[in-house]
There are 4 protein chains.
Amino acid sequence: MAKLRYGMVGGGPGAFIGEAHRKAISLDATAELVAGCFSRNHEKCLAQGEILGIAPQRCYPDYREMARAEAAREDGISFVVVVTPNNTHYEICKAFLEAGIHVACDKPLVTTVSEAEELERLAKDKGLLFMVTYTYTGHVTMKFMRDLIRGGEIGTVRTVMAEYPQGWLYKENDWGGKQGEWRCDPAQSGRVNCLGDLGTHVENAVATVTGLKIKRVLAKMDVVVPGRKLDDNDQILVEYEGGATGINWTSQFAIGCDNSLRLRIYGSKGSLLWFQETPEEVTLIREDGIPNIIKRGYGAVTPGAAKYGRLPSGHTEGWLEAMGNLYDSFAACVQAKNQGSFMEDMIDYPTIEEGVNGLKYVEACLKSNEKGNIWVSL
Amino acid sequence: MAKLRYGMVGGGPGAFIGEAHRKAISLDATAELVAGCFSRNHEKCLAQGEILGIAPQRCYPDYREMARAEAAREDGISFVVVVTPNNTHYEICKAFLEAGIHVACDKPLVTTVSEAEELERLAKDKGLLFMVTYTYTGHVTMKFMRDLIRGGEIGTVRTVMAEYPQGWLYKENDWGGKQGEWRCDPAQSGRVNCLGDLGTHVENAVATVTGLKIKRVLAKMDVVVPGRKLDDNDQILVEYEGGATGINWTSQFAIGCDNSLRLRIYGSKGSLLWFQETPEEVTLIREDGIPNIIKRGYGAVTPGAAKYGRLPSGHTEGWLEAMGNLYDSFAACVQAKNQGSFMEDMIDYPTIEEGVNGLKYVEACLKSNEKGNIWVSL
Amino acid sequence: MAKLRYGMVGGGPGAFIGEAHRKAISLDATAELVAGCFSRNHEKCLAQGEILGIAPQRCYPDYREMARAEAAREDGISFVVVVTPNNTHYEICKAFLEAGIHVACDKPLVTTVSEAEELERLAKDKGLLFMVTYTYTGHVTMKFMRDLIRGGEIGTVRTVMAEYPQGWLYKENDWGGKQGEWRCDPAQSGRVNCLGDLGTHVENAVATVTGLKIKRVLAKMDVVVPGRKLDDNDQILVEYEGGATGINWTSQFAIGCDNSLRLRIYGSKGSLLWFQETPEEVTLIREDGIPNIIKRGYGAVTPGAAKYGRLPSGHTEGWLEAMGNLYDSFAACVQAKNQGSFMEDMIDYPTIEEGVNGLKYVEACLKSNEKGNIWVSL
Amino acid sequence: MAKLRYGMVGGGPGAFIGEAHRKAISLDATAELVAGCFSRNHEKCLAQGEILGIAPQRCYPDYREMARAEAAREDGISFVVVVTPNNTHYEICKAFLEAGIHVACDKPLVTTVSEAEELERLAKDKGLLFMVTYTYTGHVTMKFMRDLIRGGEIGTVRTVMAEYPQGWLYKENDWGGKQGEWRCDPAQSGRVNCLGDLGTHVENAVATVTGLKIKRVLAKMDVVVPGRKLDDNDQILVEYEGGATGINWTSQFAIGCDNSLRLRIYGSKGSLLWFQETPEEVTLIREDGIPNIIKRGYGAVTPGAAKYGRLPSGHTEGWLEAMGNLYDSFAACVQAKNQGSFMEDMIDYPTIEEGVNGLKYVEACLKSNEKGNIWVSL
């Protein structure tokens, strides 16, 4: 089976997230990077291309040209990875979809629901695959929890306590460097900061694991650290369809928290606990109240989750492996598309539908907050 | 110094909480039980009195008679401990206050704000001490956190994530035995179950440790487990005076949680983490993001907290010691009152003012919930 | 049922361990202190007696007189608690045994095997009960582990990793105050320091929980901190009868360790993990490798262990409760002796036989170390 | 800078460790695989080569031929990775060293000290680099601890408690599949099983982090699980030069342990704790006894360790990254060799000297055990 070829938009020198995507894809060598528009500055693009071993003629000065040219090549890319700033995703994704190229795009997908829905429609019309890289859902343990809940292990979900606090922006007049500056700047980030960056991960993680759909939200979005202009602490009441409830909390000033995405899911027959910073384990508690700590690699892990593990239990896997898992499923689907054997149920990665849901969530929260913390339906 | 004498109302055979109070008081032998109205059934009262070594003539059939008789004795009790069901506290406490006897009453204090305020007024008018036994605040580690925050160690408090989930009432048609039945029964508990039992502990713990006063609440009080008639899951947004925010969560169906009172306090210069089920330690995180786990008995603990420890670090103290600490301070104050040396700043236990605040909190939450989860000021 | 009466030798003003024993006994009010020889200085003895509410005529200047006088009284003590320095235990215990009074003695019992055996013989001849207060074995969780192993839950024990490091004597020329000075002084402690104080706890904890008997030891006893004269770090290989092996480690300079008694027991079908500083839980791992964290108060705890709990799960119990549990069983046995209903299998506390075993262990280790770390049989 | 080219001996289809090395090298794309002798079966070798994208003419049927041919090519490999079974390492490494090619070899290096020393001499004579892939020492946190100890942060090391228990071979007549069978078979593994596989990791981890050299050992190597012929539980007393002591424990039947390499290092001014299964953090305890939990990515991490991190703190890195770190340093040294800029102090990976030390440790332990657990000098 020939290796897939892919291209990248963004991911120039020093761009953390682009390099992370490349490393994740290279983990299982499922696809080879052959083209890129790594920077709007063509010099920088060429320099990065040289480092990455990309032929100069496939280091494009413009993403539109890249989409066209790669679509036209016999050995053109099968998919593109979009890792540019947030507010450029829409145009870039659209260009590649129109050129008939599958897309993997970093989250958050775009800035409005309508843009997201347009991309969703376009992908559907063209029969193209579209992944939104909510990395955390790639963890074996996340897939395991999803399987446990589907299998009825904890009964009906009653309430979900979900949170993703960080602490790096706790300080007045400290903008967290390049990463923080654009997030905190309304001109670049739009109306939302913390909720867009972290809140969408929370929403997506809960949805992926529990299968619950949000019915309505009541959001308190606060601007706390002196000098900030956008939300840096979001405390949100959630009602899910079917009656479950929950709280989603995100913060950027919670000193001592790094990427502290945590899920605590309470059902009628048991509970599940998960923490992103120790992603190799799940705590399952059944009706006897006894925590069972189940690790990736154990016999108890469901096959649909276990298959993503690369190393025996005790050899820790981390964030890159989680992202690699998303790409493994995505690449397998792209291959199947190429070979005409694709089936919908092969998809085991976050799709554009989840990207759309993330934006709906953000918009409903913004509306709730603006109106004084009232319930807003999604 | 003569040992104090005290009496008890409630605490008959098999009553867990009465026995717990007696054990806590006996820990440091600060006061001796000499009188009681242990049961409305006089036979039972006498039987319990015999077990406890109380003279039969001081085993009273009626608490009013007890108040009168003990007030009249030269060797009468200095204080009474009230550990009867909730809805009887008001009349009992009133009787003893009117008889000029100091009162220690189990929480929640009474069932309405107006009753609470009346008791508060009465105690004040009579110059009597009134403790409400919010046990958890007696932990050395809680007092240590209070001192750290007062000392500015974590700067200005920005947000407080507080919770007290339990799991014992997760099951349909299982009422948790005698303890659960009355709590879940509107006829005995009034309009509130989980929030009264657990939510008041959360409110009080945050207030004690941070010194923050609640400005307003937005409460979602849900009746979740099939068959329940009162709230068993409460998710509450809080705004404090001065601008801090928080979430208070309590639940009775969170499988795997026992008495999982947890505080996470995020300030402008650091954070504090505390968990009731490992009460011997506090996690303090300063601006470098590094958790410091400080244990009771360590040199780093402030003197005002450290003095309550009985055992060297590593010899675990628990819930009884926490309650004992409350009584140590209360007994010292009663002694000082008896000797005319009492000063207000000697008080290091939860007073009736905190009992009043707990009821205000409950009433505001009930109102918020009834009106569809709107903000209600306290 | 009349309350038992007991006396105490030692436990004068400021003596931590005497006060701890009194608190532990008072927890369940199983016995009342009515006599004592609290200090060799009679003034101090009387002063302490007054604080404790003991009649002056029962505050004895001499333990021998106390033994005689109490034995002669109709309302004399049923048992004595010996909490004096180690090297005085033998004479004191002997005096009370000879007077026909049951004995509870702090550990380590005495300083030589022959003294210990003599006391054992004496108690047996007189039909008297003799408890050695290895406090940690009183924990509900310890009894639970013992029951699990007896019930075959983890199969045959293969190896036991046991340790009890402390850190308080890590510093050169710092003798840890009054507590440390006598321990580190050969004139007062004899040939052993760390192994006597901590090593006997380790030996006893393993024996109690596993039921294993030590066949032979190979001991490395080091004097590490500059200025010390006795062992402060002991690393010991153990072979048990039946073939199991183990390592016992104790230290006094392990910075960051308080009372870090830890047991890790590996059997043919499962493992058990326990840590003294979180004594409310046991980790049981069966063949699937999944840790099950079982807490005191849970339904899974065996009845013979569960019955010692005083508080519902989630209300932490600690070290005092563990000691209280020893006294509960001891007092029940003394009562049964008094009433003629005693049966051997009622004993659920560490007996003098265990005190003898502790001394045999220490002597074998000393011999092994002196001979250059060779195997020495017990 | 041109990418390095490397070859591999071993790592055929289904070989876990070969694939792991390839993934680790690919993480930072420091070298490209261009040649291999992946299997003694040439068909299999070619098949694997095709999957890996290696030209058929560089898929060699014989490692000697590969060494010769690659050494002769202008575009030949700069280094070879040897991931064959243990007992073949010697001949293979020798062949490549003789051909002038740098070597990275899996641990344990070879089966006797003399073979190891011969390879060491050969590498030295030829001026070639030789890495032994003790993966765990690649963790940022391990390098951080090394730096802390070198910097005097915990004073003089006094005792080291080191262990690496596993549980996968706990079961009678269960040989743990392909991985276990050869380890447990004297014909393939020689005289040692558990100590060679796990004990060498322990020895190397302690040496790397503390800089201590072993003076002598007293080893108890037991064959415990019925049916085993080689050691599956090793409990070893260690004396280091300079007077520090320690215990090294390894086991294959410790149910509940996966890759539970744990270091606890106690110095005169502080302690360091580390656990391989949570490799993102180090616990540093200074004289105040307060655990400081320091994570990879924090400002407190020393620059020499921090530079190996790829992801911000909170994005977990794991075992592959640790191995990748070894290769990053090795590849940088190989590049420097190629460019004539190599300096000894550039080496930040385990060298053949450490491989030799591992074998000396194993041989001394075997001798100690055979002679009845006596001290044997290294």
### Summary
Helix D:140-150: inclination vs chain D longest Cα principal axis, degrees, rounded to 10, gives 50
### Relative exposure of B:Asp222, D:Asp185, D:Asp125, B:Asp147, judged by other C-beta atoms within 10 Å (fewest first)
D:Asp125, D:Asp185, B:Asp147, B:Asp222
### Message
Using Cβ counts within 10 Å as a stand-in for footprinting exposure, how do A:Ile265, C:Ile54 rank, fewest first?
### Response
C:Ile54, A:Ile265
### Task
Give the share of C-alpha pairs in each 10 angstrom bin for the protein assembly as shown, from 0 to the last occupied bin, in whole percents, shortest bins first.
1, 7, 14, 19, 19, 17, 11, 6, 3, 1, 0, 0
### Message
Just want the answer: with Cβ charges of +1 for Lys and Arg and -1 for Asp and Glu, which residue in A:Ile236, A:Ser260, A:Gln335 is farthest toward the dipole's positive end in chain A?
### Response
A:Ile236
### Task
Considering Cα pairs under 8 angstrom that are at least six residues apart, work out the relative contact order of segment A:17-64 and quote it in whole percent.
34
### Task
Could you work out the equivalent-ellipsoid semi-axes for segment A:233-377, taking the square root of 5 times each eigenvalue of the Cα gyration tensor, largest first, in whole Å?
30, 24, 17
### Query
So how do D:287-299, A:101-113 stack up, highest first, on mean other-Cβ count within 10 Å?
A:101-113, D:287-299
### Task
Using only atoms on other chains, find how many Cβ atoms lie within 10 Å of each Cβ of peptide B:305-315 and report the average.
5
### Query
lysines within cross-link reach of A:Lys44: Cα-Cα under 19 Å, excluding same-chain residues under 8 positions apart?
A:Lys178
### Query
Cα-Cα pairs above 16 Å in segment B:92-179: how many percent?
71
### Query
Magnitude of the Cβ-charge dipole of the protein assembly as shown, K/R +1 and D/E -1, about the Cα centre, nearest 20 debye?
0
### Task
Sort all Cα-Cα distances of chain D into consecutive 20 angstrom bins from zero, then give the percent of pairs in each bin up to the one containing the longest distance.
28, 59, 13, 0
### Query
Which angle from 0 to 90°, rounded to the nearest 10, does the C-alpha axis of helix C:42-52 make with the longest principal axis of chain C?
80
#### Entry: Max mean-square fluctuation residue, GNM over chain C, Cα-Cα springs under 10 Å, options C:Phe275, C:Phe16, C:Phe253
C:Phe16
### Unsatisfied cross-links (Cα-Cα over 29 Å) in the set A:Lys107/A:Lys367; B:Lys171/C:Lys269; A:Lys269/B:Lys229; C:Lys371/D:Lys215
B:Lys171/C:Lys269
### Message
Need the C-alpha centroid separation for segment A:27-47 versus segment C:166-200, integer Å.
### Response
66
### Spin-label proximity, A:Glu32 to segment A:62-91 - amide N less than 13 Å from point 7 Å beyond Cα toward beta carbon
A:75-78
### Message
Can you divide the C-alpha Rg of segment D:4-128 by 2.2 N^0.38 Å and report the result to two decimal places?
### Response
0.98
## Note on the structure
Here the FRET efficiency for C:Glu153 versus C:Glu344, based on Cβ atoms and R0 = 41 Å and rounded to 0.05, is 0.95
### Task
Report, to the nearest 10°, how far helix C:319-339 tilts away from the longest principal axis of the Cα atoms in chain C, using its own Cα long axis and a range of 0 to 90°.
60
### Query
When a footprinting reagent is the concern and you count Cβ atoms within 10 Å, what order do A:Ile255, A:Ile374, D:Ile51 take, fewest first?
D:Ile51, A:Ile374, A:Ile255
### Task
Put a label point 7 Å from Cα along the Cβ direction on A:Ser114, then list its distances to the equivalent points in the other copies in nm, shortest first.
5.5, 8.4, 10.1
### Task
Starting from the Cα-Cα distance between A:Arg191 and A:Lys44, subtract it from 0.36 nm times their residue separation and give me the gain in nm to one decimal.
49.8 nm
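FYI, it's all coordinate maths here, none of it is from the lab. These figures come from a predicted structure and were not determined experimentally. With ideal geometry, Cβ positions are generated from the backbone for all residues, glycine too; neighbour counts draw on all protein chains shown.
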